[in-house]
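In what follows, a structure is listed as C-alpha cells, so that the remarks can point back to it.
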Amino acid sequence: MFRSSNVAARIFERQIRTPAPGTSVHCARLFYENLVPSHTIYDIECPDHSFRKFTEDGHYLISFSRNNQDLIVYRPRWPSFCCKEENCMHDLPQKAKRFDSFFTELYSVSLASNNELICKDFFLYLGSNHFGVFVTSTAPLHDAPSSGEAVPGIPSIDNITFHLLRLEDGDVLDKKVFHNDFINLSHNMGVFLYDDLLAIVSLRFQTIHILQIRDSGNLVDVRAIGKFCREDDELFLNSNAQYMPVSDQSQLHHSENHVETHAHQNQLYQNSSFLSGIKQRLLSFIFRAVWNQESDDILRVQSLKKKFYFHFQDYVDLIIWKVQFLDRHHLLIKFGSVDGGLLVSRNADQHHAFFAVYNMETTEIVAFYQNSAEELYLFFEMFCDHFHPQSRNSLHMNFISSHSNNIYAFEQLRGIKKKATFTQFVKKMLGSLPFSCQSQSPSPYFDQSLFRYDEKLISAIDRHRQSTDHPIKFITRRQPCTLKFKIKTGPEAGSADGRTKKISSFLFHPFLPLALSIQQTLFSQPSINIHFRK
Amino acid sequence: MGSILGDLPSFDPHNFSHFRPSDPSNPSKMTPTTYHPTHSRTVPPPDQVITTEAKNILIRNFYRRAEEKMRPKRAASEFLAQEPGCKQPRASMTTSDTP
C-alpha cells in the first residue's frame, strides 16, 4: 500500500492517499512494520508473580501471586525519564530499567480462601464493562463417588467458584459456585464467553449452563441445557409424573438430591428410561437424517438398522466435551466418549468425536457431523473466522490472522494438507474445534501479512512453548524481507545450563510495541525480559 | 457578502466575486436534474423492507445442508407416475396466445 518503507515517507503518503474501502485498520497496521519492540531489558527485577496476560484493550496486566490466592492487576504505561544532559540519545538510565517504570500496580485482591486456589490458566475479559471473570477451586478428587446423575470416570471438585470482578477497582461483583462438579478450567477450555453470555460446561453432570453478565455486575442464569432443553421441561415432566411408572418417578424426584441409586452404577442411562433432553434431540436428528436418505421404506429400515440401531448404544453413551457459541442462539457442541473426554487433542484421532450445531431458542439440533466429515472441514476452511464469533464491542480481536483471512496462513494450511492423508488432516484440523475463546493475542506483531516468524517458537496463541537460546526473529513479509526485531527469552548471555528443560511464554500488549517474555525452568525463578520500542 | 457563512477570511478576496448566494426572497429558477424511470418493471413491492440477515454465513450453510438432507427423497415410483402430467402436447404451445 505504501511505496516506501520509511516511516516519514509513509506519513506523508498517508496524508494524500486514502486506503481502499474497508481496509483502514490494515493500513494503520502497516506502521507496525516501522515501530517494533526491538530493545530488550533482560532479566528485569520484578515482583514474584505469575503474569497471565494483557487484557484485549490493553488497559490491564493480570497476574496472580505465587501461592495462587491473590490477584494483582497492573496498568501498563510507558517509561518516561528526564536527563540533565543535552544529548540524551544513549542508553536508558538505570532508574528507567525497572518493572514499575512500565507497570503501575493498581491493587491486589485476595480471591481464594481456605483450601481454594485460583486457577491461573483461566481468565476471561468483558471489554465493554471492564469486567474480568476468574475461577477459584479446590483440588480435584479423582476417585469421586458416583452419585445419581454424575458420569462415572470424571473427577469431582468440591467447590468451583466463578468470580466476576470490576477491573477498574478490583471489586468482586458477583460469584457463582458449583459443587461436586467438574469443569475443564485450563486455558478457558470449559467456558466460552461471547458478548455478555457465558457458557459453562459441567462435564460431570453433562449440563451446559448459560449465564448472562449484566451491566450491573450480576451473573444471571439464563438456561441449563442437558437434562432439559426448554425452561419448562422440568415442570412439564413433574406435573405429568403421576402417569409415569413408579421407578421412573423416584428417579425424577431423587435426581436433584444426588442420592446414590442401588444397582447398575456402570451404565448411567440404564437407570432411567428417559434419556436427557439434549440426547433425545440428537438421537431424533440422527434418526430423521438416516430415514430421509432413502426413499423406499424397506431400504429405510435396513439403513436404520445399519446406521442407527447398530450404533445406538454408542450414541447414547456420548458425552458433551466442549462447547462454543457460534452466535447468540447457536452452540457448537463436541461429543465424544467418556475416556476421551479429558485427553489432549493430540490423541484424539483414535477416539471418535462428533460435532453438533444446536439452536438454543428452538432447542433443535441443526447439524451433526463426525470429526472426519469433509463437509464440516470445508466450512472450517472457508469460514474459519465465523468459528471465532466476535462481539460487536471488541475491535482489535476482529483482525487476528487465520487461514480464512490471510493468504500466508492459508499457504501454511495447504502445506500441512500435503503432508498427511486427507482423513488424518481433516481430523487434525477439526480437532481444534470448538475453539476456546480469548486464547489468541490481538497484537499486530502476530499478523501474518506483516511479519514472518517461527510458529513453533512463538504465536498468537498463549501457550507455553519449548524455549530456545537463540532469539526468535520477526521478518517482514513485504519486499525487502528484512529482519525487524528479535525476541530473546532468558538472560542476555544465554543460560549456563543448556540441559535443563525451559519453557517460555509471551505476553504481547494488544497495540503498543511492548512485550514480556517469561522463561521458566523447573527449579529456579522465572526470568522476565521486557521488549519495547526505545 | 451577507451569506450565512459570514465574513470568513479567504486566500484571495477576488475569488467568488461573481457569486451571488441564494436569496430566500428570490428563489433560484434552476431545478436540479432529476431522473425518472421509463418503465415500472423493476419497481420493488410497496411493502418491501431490506434488513440484514441475522444468521451469519456459516450458520446459513449449516441450515441449508440440513434442509437438503432432511428433505424426504421421493421414491422412484412417484417420479414415474408424475411424468405424463408434466409433459405438454406440442400443439398447445404453438396455439397459446402470446402475452
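The values are calculated or read from the model by the stated rules, or taken from the named source; none is laboratory data. Quantities reported herein were computed from a predicted structural model and do not represent experimental measurements. Note that each Cβ is placed from the backbone with ideal geometry, even for glycine, and that neighbours are counted across all protein chains shown. Ligands, DNA and RNA are stripped out before the accessible areas are found, and what is left, the full protein with its side chains, is counted by its heavy atoms. Shrake-Rupley method; radii C 1.70, N 1.55, O 1.52, S 1.80 Å.
Of everything in region A:289-343 that's among the hydroxyl-bearing types (Ser, Thr, Tyr) and more than 11 Å from chain B (Cβ to nearest Cβ), which residue is farthest from A:SER276 (Cα to Cα)? Walk me through it before giving the result.
Step one: filter region A:289-343 for residues among the hydroxyl-bearing types (Ser, Thr, Tyr), giving A:295, A:303, A:309, A:315, A:337.
So of that shortlist, the ones also more than 11 Å from chain B (Cβ to nearest Cβ) come out as A:303, A:309, A:315, A:337.
On the way: A:SER303: 25, A:TYR309: 18, A:TYR315: 12, A:SER337: 16 Å.
Applying the filter and picking the extreme gives A:SER303.
With the requirement that a residue be in a loop (DSSP other than H, G, I, E, B) and either among the aromatic types (Phe, Trp, Tyr) or at pLDDT 90 or above (or both), what does region A:130-158 give you?
A:HIS130, A:THR138
Quick one: would you say A:ILE160 is over 29 Å from A:ILE528 (Cα atoms) and open to solvent by less than 30 Å² (accessible area, probe 1.4 Å)?
On the way: over 29 Å from A:ILE528 (Cα atoms): yes; open to solvent by less than 30 Å² (accessible area, probe 1.4 Å): yes.
In short, yes.
Check A:LEU106, A:LEU35, A:LEU71 and return the single one that is in a strand (DSSP E or B) and open to solvent by 60 Å² or more (accessible area, probe 1.4 Å). Before the answer, list the steps.
Working: A:LEU35 fails: in a strand (DSSP E or B); A:LEU71 fails: open to solvent by 60 Å² or more (accessible area, probe 1.4 Å).
None of the others qualify; the one that does is A:LEU106.
From A:ARG29, A:ARG3, A:ARG66, grab the single residue that is open to solvent by 30 Å² or more (accessible area, probe 1.4 Å), modelled with pLDDT of 90 or more and of a type in the set (D, E, K, R).
A:ARG66
Residues that are touching a residue at least 60 places away in the same chain (Cβ under 8 Å) and either among the hydrophobic types (A, V, I, L, M, F, W, C) or within 14 Å of chain B (Cβ to nearest Cβ) (or both), at least 1 per element: which helices (runs of 4 or more DSSP H) completely within region A:348-464 meet that? I'd like the intermediate steps shown before the answer.
Numbers: elements: A:374-382, A:407-419, A:422-430.
Per the criteria, A:422-430.
Could you look through region A:520-534, keep only residues that are open to solvent by 30 Å² or more (accessible area, probe 1.4 Å) and in a strand (DSSP E or B), and pick out the one that is farthest from A:TYR42 (Cα to Cα)?
The selected residue is A:THR521.
Please specify each residue of region A:289-323 satisfying the condition of being hydroxyl-bearing (Ser, Thr, Tyr) and not in a loop (DSSP other than H, G, I, E, B). Give the derivation first.
Our first condition is that a residue be hydroxyl-bearing (Ser, Thr, Tyr); within region A:289-323, this holds for A:295, A:303, A:309, A:315.
Of everything in region A:289-323, those that are hydroxyl-bearing (Ser, Thr, Tyr) and not in a loop (DSSP other than H, G, I, E, B) turn out to be A:SER303, A:TYR309, A:TYR315.
Return a yes/no flag: does region A:13-23 have any residue that is among the small types (Gly, Ala, Ser) and farther than 30 Å from A:SER524 by Cα. Give the derivation first.
First, pick out the residues of region A:13-23 that are among the small types (Gly, Ala, Ser): A:20, A:22.
Those still in the list that are farther than 30 Å from A:SER524 by Cα too: A:20, A:22.
Yes, that holds for at least one residue.
Restricting to region A:163-211, name every residue that is of a type in the set (S, T, N, Q) and either crowded, with 18+ Cβ neighbours inside 10 Å or within 16 Å of A:VAL323 (Cβ to Cβ) (or both). Can you show your working first?
Within region A:163-211, the subset of a type in the set (S, T, N, Q) is A:180, A:184, A:186, A:188, A:202, A:206-207.
Correct list: A:ASN184, A:SER186, A:ASN188, A:SER202, A:GLN206, A:THR207.
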